[in-house]
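Step one of this worksheet: look at the structure below.
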Amino acid sequence: MRYSDVAKFFNQRLREVGLLDSANLAVGKYSGGMRRRMSVALSTIGEPKIILMDEPTTGMDPVSR
């Protein structure tokens with residue numbers, strides 16, 4: 001996969017979970033809800049057919065849910 005394709009893939013995932021504006025921050029600076037959204041985005045790497053999650057929206061603000 002070319003670098004431009006990888007960058008496009010991750011930018012799309014970050015946009016989908018509302019973290020594109022925070023893409024350049026270290027994850028250690030993310031709030032708890034932002035970290036959960038990042039976990040959701042990371043779970044899509046490899047484009048799995050099924051993703052099993054245990055309460056992925058716990059701690060997220062209502063708008064992000």
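Every number here is computed from the coordinates shown, using simple stated rules; none is lab data. Note that the structure is predicted; figures quoted are calculated from it, not measured. Please note: Cβ atoms are built from the backbone with ideal geometry, for glycine as well, and neighbour counts cover all protein chains shown.
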Can you give me the distance in nm between label points at Ile45 and Asp5, each placed 7 Å from the Cα along the Cα-to-Cβ direction? 1.7 nm
Would you mind computing, in nm to one decimal, how far apart the modelled labels at Asn24 and Asp54 are, each placed 7 Å from Cα along Cα→Cβ? 3.7 nm
